[in-house]
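No value in this document is a laboratory result; all are computed from the given coordinates. Worth saying up front: this structure is predicted, and the values here are computed from it rather than measured. Glycine also receives a Cβ, built like all others from the backbone with ideal geometry; neighbour counts cover every protein chain displayed.
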Amino acid sequence: MKRLFSSISVKFAVLISALALSISVLSISVLAQDIEYPDSFNQPMALFDSSMGDFHFPISSDNALAQAYFDQGFQLMYSYAKDEAARSFQAAHFADPDCAICYWGEAWSWGSYLNGAMTTGEAPRAYYAEQQALARIQSASPREADMIRALQPRYVEDFHPETRRVQDQAYSDAMRDLSEKYPDDLDIGTLYADSLFLMEERRGYRDLDDPNVIRLHAALLRVLEKDIRHPGSCHLLVHATESTATPELAAPCARYLGSSIPGASHINHMPSHTWNEMGLWHDAVRANILAWQSDQKAAIGEGFAIYPTHNLTMLFYAASMGGESAAAIQAAKDLAKLNNSTGMHAMVLVRFGRFDEVLDITEAPNGEVNLSMFDFSQGYAALKTGDTEKAKQAMLELKQLTETTTARFRFHDGKNIVGTLAGILEGEIAWSEGNMEAAAAAFRLATDYYDSLNYDEPEPLPFSPRHWLGAAYMQLGAYDNALEVYRTDLQDHPHNIWSLYGVQQALLKKGESDPLIDRDLYEATTYADIWIPDSKL
């Protein structure tokens, strides 16, 4: 849709969900230029009272509707529902055309955020909204005026993506000054921390001794020390700690985060980033079930679907590590419906030994890496049901693809995923033929590929090749080697049921026991719905 901006009056009907009414015609003065907006901006924005939390950012407007939409917009931006946030802020300034901070909100929502840089399509919208805020700044409170001015250097009329970081740095400098001026303002403190995070690489591991990481953590903890339930700062702290050696730093606030904006699926889901890193698999499962429920509630106007495929992927991964087969398999089936890819569904069935069901999946996915997941699963299931030749053919094709593929899967070199799968299947074939030394060697190669994967949440595979390597060492009677492999896996995936079982069994073979492992495994099986005969199936 295209809106033509000139000195004209435009009528907007704003739906009030609580009252089911429309508001009257609004006249706004606009710039003489064409600005593209998503089609959704041609529809009135509702208020979603049951989906929102108790967050409140008092603004200088006396218009209750403007205040309600502003609070909603802020929460949706904290939830990374950018378009819905922009529509809410827009509805706020439609309700009160003189509300400068309402225009600031729309401008803020069009800018870069942690999961994406501002685009060339968003830049004119951001610049226009900021100019409208500046034009009304005399009606703003001192705090609001400072926020509007701080945002000004972030948006330029002639935007170029390659110089975006220059503007983002200037904005961050302005927000630093603002956070010092308003040290008790938790939202300004959160916006400052967000501006710092935007200057960092989004992916990869973070060094706790890095001065930038120290500064970012300090900014977030200053807010959370005053309000442990602040959704914006807790959301950012989860991301700022998940790839460090201390993901548990976010655990105190993560306990509250998932329910802080009840209908925003991404907020429901966010604690699972911390729980996965801490090995609290059932907590991660519960968080993502709540998120998936919000994704589905969006269809009836009671939730916001934000990254639904990510929520399902996290759900199936956590449930796989925790031994909750029903949740893992259902999530993988739902995921296949959303993204038309059966690879993860097939792999999770391998994880839980449901080989006949793997063979029932006949629709292959697109893409080299997705297809390799499917082919691995088909080959593995064929081996387990007696078709060794089909398994060997799949293994040879996977090994060849490992050498030739240039595909990427999310943030990974495809060869590391394909190589992991090829090694597992090759080792399992060798095992079936009684060649345990060759099996162990293949599993070691799979582990090397696996260890070359980048940090990702969730990981691209619902299992670790160490579950196979440890089992091979057990079969060889190399119990010390098995213990080392399983304990290494527990460092990477704390409390996962497969390696806990492996450690316990290896100790028993040595005539030893570990009460902590026994207790940990007992607690893990509280939520598992399977019986484990081995760390690999």
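Things worth noting here:
- Cα-only Debye scattering, segment 467-537: base-10 log of I(q)/I(0) at q = 0.26 Å⁻¹: -1.24
- Over the residues of the chain, the helix contribution to mean residue ellipticity at 222 nm works out to -19000 deg cm²/dmol, using -39500 (n - 2.57) for each DSSP H run of at least 4.
- Segment 232-288 versus segment 402-442: alpha-carbon centroid distance in Å: 32 Å
- Summary of the geometry: segment 470-524 and segment 291-309, compared by the centres of their Cα atoms, lie 39 Å apart.
- Globularity index of segment 284-393, i.e. its alpha-carbon radius of gyration over 2.2 N^0.38 Å: 1.14
- Neighbour cut-off at most 11 other Cβ (10 Å), DSSP loop, GluC sites (Glu not before Pro), segment 308-389: 363
- Between 0 and 90°, nearest 10: helix 82-95 axis offset from the chain longest Cα axis: 20 degrees
- Sorted by Cβ neighbour density within 10 Å, fewest at the top, the residues 54, 210, 413: 54, 210, 413
- Length-normalised contact order for segment 341-463 - Cα pairs under 8 Å, 6+ apart - percent: 22 percent
- Angle of helix 479-492 to the longest C-alpha principal axis of the chain, folded into 0 to 90 degrees and rounded to 10: 10°.
- Residue exposure sequence - 182, 103 - by fewest surrounding Cβ within 10 Å: 182, 103
- Dipole magnitude (debye, nearest 20) for the chain, charges at Cβ of Lys, Arg, Asp, Glu: 620 debye
- Protection proxy ranking of 444-455, 277-288 - average other beta-carbon atoms within 10 Å, highest first: 277-288, 444-455
- Nearest-ten-degree value, helix 64-78 long axis tilted from longest Cα axis of the chain: 30 degrees
- Over segment 51-307, Cα pairs under 8 Å with separation of 6+ residues give a relative contact order of 15 percent.
- By the count of neighbouring beta-carbon atoms within 10 Å, fewest first, 383, 257 end up ordered 383, 257.
- Cβ-placed point charges (K, R +1; D, E -1), dipole of segment 37-84 about Cα centre in debye, nearest 20: 80 debye
- Note on the chain: antiparallel DSSP beta bridges, both residues inside, total approximately 90 percent of the bridges counted.
- Three-way shape call for segment 103-208 based on the alpha-carbon gyration tensor, with the a/c threshold at 1.5: oblate
- Among 38, 240, 75 - extreme Cα towards positive end, dipole of the chain, charges at beta-carbon: 38
- About the Cα centre, charge dipole magnitude for segment 51-307 (Lys/Arg +1, Asp/Glu -1 at Cβ), debye: 260 debye
- Percentage relative contact order, the chain, counting C-alpha pairs under 8 Å, at least six apart: 8 percent
- Highest average packing first - 294-303, 422-431, Cβ atoms within 10 Å: 422-431, 294-303
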